[in-house]
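Here's the structure we're looking at; comments come further down.
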């Protein structure tokens, strides 16, 4: 069964892609949740027209994502949090705090496109994270967790 994705789905595809899935997955999950529509002949034709119009905009978005990637890699991100004995953090650091720390530096990235490699972060130190800026642009950067 072919489905045109309306939204990006992890481990399946990005928005506006035509993917082949098992019929039950398409009928029972993707279509009812609004993640995709059935890829009929008329839907494919409309999709092709939309993609033709979006191709010009896509090139601009790709250039912006590449610029943002170089900006992230050259930036030192520091998260300050309360720390107990032996460098242990009260709670943990997650993508919400990382996104807020990036905004404080002047880089606006949605928390859903950030992934911390060694989650959960419960100690002070230096860690790596990946920012999924575009389907072709992924940027890996380091951030530091320090105590107050």
Restricting the first residue to the range 38-57 and requiring it to be on the phi > 0 side of the Ramachandran plot and touching a residue at least 60 places away in the same chain (Cβ under 8 Å), which pairs with a second residue that is assigned to a helix (DSSP H, G or I) and surrounded by 10 or more Cβ atoms within 10 Å (Cβ to Cβ) meet a Cβ separation below 7 Å and a spacing of at least six or different chains?
none
Looking at the structure I just gave you, is residue 81 in contact with a helix residue (DSSP H, G or I) (Cβ under 7 Å, 6 or more places away or on another chain), modelled with pLDDT under 90 and under 30 Å from residue 105 (Cβ atoms)?
no
Number of positions in the range 117-126 that are touching a residue at least 24 places away in the same chain (Cβ under 8 Å), surrounded by fewer than 18 Cβ atoms within 10 Å (Cβ to Cβ) and assigned to a strand (DSSP E or B)
3
Determine whether the range 49-56 contains at least one residue that is under 16 Å from the mean Cα position of the chain (by Cα), farther than 17 Å from residue 144 by Cβ and either modelled with pLDDT of 85 or more or surrounded by fewer than 16 Cβ atoms within 10 Å (Cβ to Cβ) (or both).
no
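Every residue, every condition in (1) more than 30 Å from residue 121 (Cα to Cα); (2) assigned to a helix (DSSP H, G or I); (3) in contact with a strand residue (DSSP E or B) (Cβ under 6 Å, 6 or more places away or on another chain), yes or no:
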| site | (1), (2), (3) |
| --- | --- |
| 15 | yes, no, yes |
| 56 | yes, yes, no |
| 71 | no, yes, no |
| 92 | no, no, yes |
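The rows are residues; the columns are (1) in contact with a helix residue (DSSP H, G or I) (Cβ under 9 Å, 6 or more places away or on another chain); (2) in contact (Cβ under 8 Å) with a residue 60 or more places away in the chain; (3) farther than 29 Å from residue 13 by Cβ.
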site: 60; (1), (2), (3): no, no, no
site: 73; (1), (2), (3): no, yes, no
site: 77; (1), (2), (3): yes, yes, yes
site: 131; (1), (2), (3): yes, yes, no
Positions within the range 23-37 being over 10 Å from residue 3 (Cα atoms) and either touching a residue at least 40 places away in the same chain (Cβ under 8 Å) or not in a helix (DSSP H, G or I) (or both), in sequence order:
34
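The values are calculated or read from the model by the stated rules, or taken from the named source; none is laboratory data. No experiment lies behind these values; they were computed from the predicted model shown. When we count neighbours, we look across all protein chains shown, and the Cβ atoms used for this are built from the backbone with ideal geometry, even at glycine.
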